[in-house]
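First comes the structure, then the notes that go with it.
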Amino acid sequence: MFRLFISDCIFVNGNFYNGGILVNYDGKIEEIFKDRAKLDEWLHSNDNFEINDYTDLVLMPGLIDTHVHISEPGRSELEGFETGTKAAAAGGFTTIIDMPLNAIPPTTTVSNLIEKQKATSGKICVDVGFWGGIIPGNANDLCSLHEAGVVGFKCFLHPSGDETFPCVTEDEVELACQQLADSDALIAFHAEKCNDDCAVETNDTNDDDEDVYEYNTYLKTRPASLELNAIEMVIRVAKKYDNIRAHIVHLSAASAVPLIKDFRNAHGNRLTVETCHHYLVLNAEDIPRYRCDFKCCPPIRDLENQTELWEAIKAGDINMVVSDHSPNVPEKKLLVEGSPDYGNFVESWGGIAGVQFGLSLFWTDCGKYGLHIEDMIRLMCEEPAKLCKFDHRKGKLAKGYDADFCIWDPSAEFTVTEEMIHFKNKANPYMGQRLRGRVHATIVRGQIAYKRTTAETFNFVGSLLKKKNA
């Protein structure tokens, strides 16, 4: 049976249309009707279809988040595929790409990838792809992981905090590039780096009198210079390997943008960069004492830096905006009041939860900076699809593409409460915030993955995305 999705506000190629989208048996877009007359004509001549009418809600491409940490198997108390993908679906995301660390085992070999894939069985509401990992000693595994369908490879240039996923040196990055040189592979970098060996920790404060319950004490341990050092190293390596695509994850330091622009001007667009919602809506000046749910790596910086990130987005110097969804249990985040280390920013585990609220976080503030719905689609649909080489099937509304839709109300406002959160560990820095833009339904390849009603409903309709069939 064909499925027909109708709305007064279908957003296609920069314009709104009052029409419908016809989805075929394979979950692909069969036809886009850009006016009601043509839609009515089709309705009168066909009877084998199911109608989903969303009246005046906006229907646009499903969102794609390329930076999500699902810690299953092995650490599912942090986050699991069921809760993580339910949260994504409730936020209008139709595809997420899982990072290679936090789960046990990490995604650093094909056998580990298979374990990760098995853990998704019957649990995913959205399509899921996987990053592979680069760690010391696994260079010989990279080509087989690439063939197995990972979208790219993530590495750390600074200690990751996960003993199963050590950081790599510049020499080890070069070895990985040599292994992957003929594959047009994508290498993503956690771009913080000390001047010397990556094993040096920077989480120690130098002054015994430092107040570890104040956010700025932690901020001093992760200065912007760490990001600049790392990006300079990435650029050095990228200049040597023309077939390797490089990507900077979670850029927090706006001062690094000129380095990226200079490289692109000389070498084209082989270097992409993302930033995160928390860097765009939170700032260091407003972070309260003890609130370790605000801690992440790299850190949230000051308001001036935040404004410069928005300007870089407007200028097209930042390619995409992602969540870096990375929750943990309250005990590890040091959020349990009365415990000995409660509120210690220096010792707390770093990571922010928020995949469910990406659309709303971005939409609430983007008008302030002269950005519009087409900018959100570029930053959160089209560019993420292009990064993963899914752009021939995902990221926009077009005939033959996957019928992935986000259906939402741009004017609706809501307050973030614990009761509405679907990811496993609820602590997050957005609690109590008033946001604008509310998702009503999420469609994955023509099937309803999420529907907002008085009792929200989810369906496990997602599949694994593999390079060869993507």
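The values are calculated or read from the model by the stated rules, or taken from the named source; none is laboratory data. The shown structure was predicted, so the numbers you read here are calculated from the model rather than taken from an experiment. Methodologically, a virtual Cβ is constructed for each residue, glycine included, from the backbone with ideal geometry; neighbour enumeration extends over all protein chains shown.
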Every residue in the range 1-14 that is under 15 Å from Tyr401 (Cβ atoms) and not in a strand (DSSP E or B), please.
Asn13
Quick one: would you say Val128 is among the hydrophobic types (A, V, I, L, M, F, W, C), surrounded by 24 or more Cβ atoms within 10 Å (Cβ to Cβ), assigned to a strand (DSSP E or B) and in contact (Cβ under 8 Å) with a residue 40 or more places away in the chain?
yes
Is there a residue being surrounded by 23 or more Cβ atoms within 10 Å (Cβ to Cβ), under 28 Å from Met320 (Cβ atoms) and of a type in the set (D, E, K, R) anywhere in the range 60-67?
yes
Subset of the range 214-233, residues in contact with a helix residue (DSSP H, G or I) (Cβ under 8 Å, 6 or more places away or on another chain) and not hydroxyl-bearing (Ser, Thr, Tyr), comes to Asn216, Leu219, Ala224, Glu227, Leu228, Ile231, Glu232, Met233
Being crowded, with 22+ Cβ neighbours inside 10 Å and in contact (Cβ under 8 Å) with a residue 60 or more places away in the chain narrows it down to one of Lys466, Lys394, Lys389, Lys399, so name that one.
Lys394
Please return the ranges of helices (runs of 4 or more DSSP H) entirely within the range 337-429 where 2 or more residues are over 23 Å from Asp98 (Cβ atoms).
358-366, 373-377
If you check Glu201 against the conditions, is it at pLDDT below 95, over 20 Å from Ile114 (Cβ atoms) and either part of a loop (DSSP other than H, G, I, E, B) or not polar (S, T, N, Q) (or both)?
yes
Candidates Phe357, Phe345 - the one that is buried (at least 24 other Cβ atoms within 10 Å of the Cβ), touching a residue at least 60 places away in the same chain (Cβ under 8 Å) and more than 18 Å from His67 (Cβ to Cβ)
Phe345
The number of residues in the range 148-172 that are assigned to a helix (DSSP H, G or I) and within 23 Å of the chain's Cα centre (by Cα) is 1
Restricting attention to the range 15-26, which residues are closer than 16 Å to Ile407 by Cβ, under 28 Å from the mean Cα position of the chain (by Cα) and not aromatic (Phe, Trp, Tyr)?
Ile21, Val23
Output the number of residues of the range 10-27 satisfying the condition of being closer than 19 Å to Leu43 by Cα and surrounded by 15 or more Cβ atoms within 10 Å (Cβ to Cβ).
9
Checking the conditions here, which among Ala103, Ala90 is under 25 Å from Arg438 (Cα atoms) and small (Gly, Ala, Ser)?
Ala90
Residue under evaluation Gly367, criteria (1) modelled with pLDDT under 95; (2) within 15 Å of Val68 (Cβ to Cβ), criterion not met
(2)
Filtered residues of the range 105-130 (kept if in contact with a Ser or Thr (Cβ under 6 Å, 6 or more places away or on another chain), farther than 20 Å from Val321 by Cβ and among the aliphatic types (A, V, I, L, M))
Val110, Leu113, Ile124
Residue in the range 135-147 that is farthest from the chain's Cα centre (by Cα), counting only those that are part of a loop (DSSP other than H, G, I, E, B) and closer than 19 Å to Lys116 by Cβ
Asn138
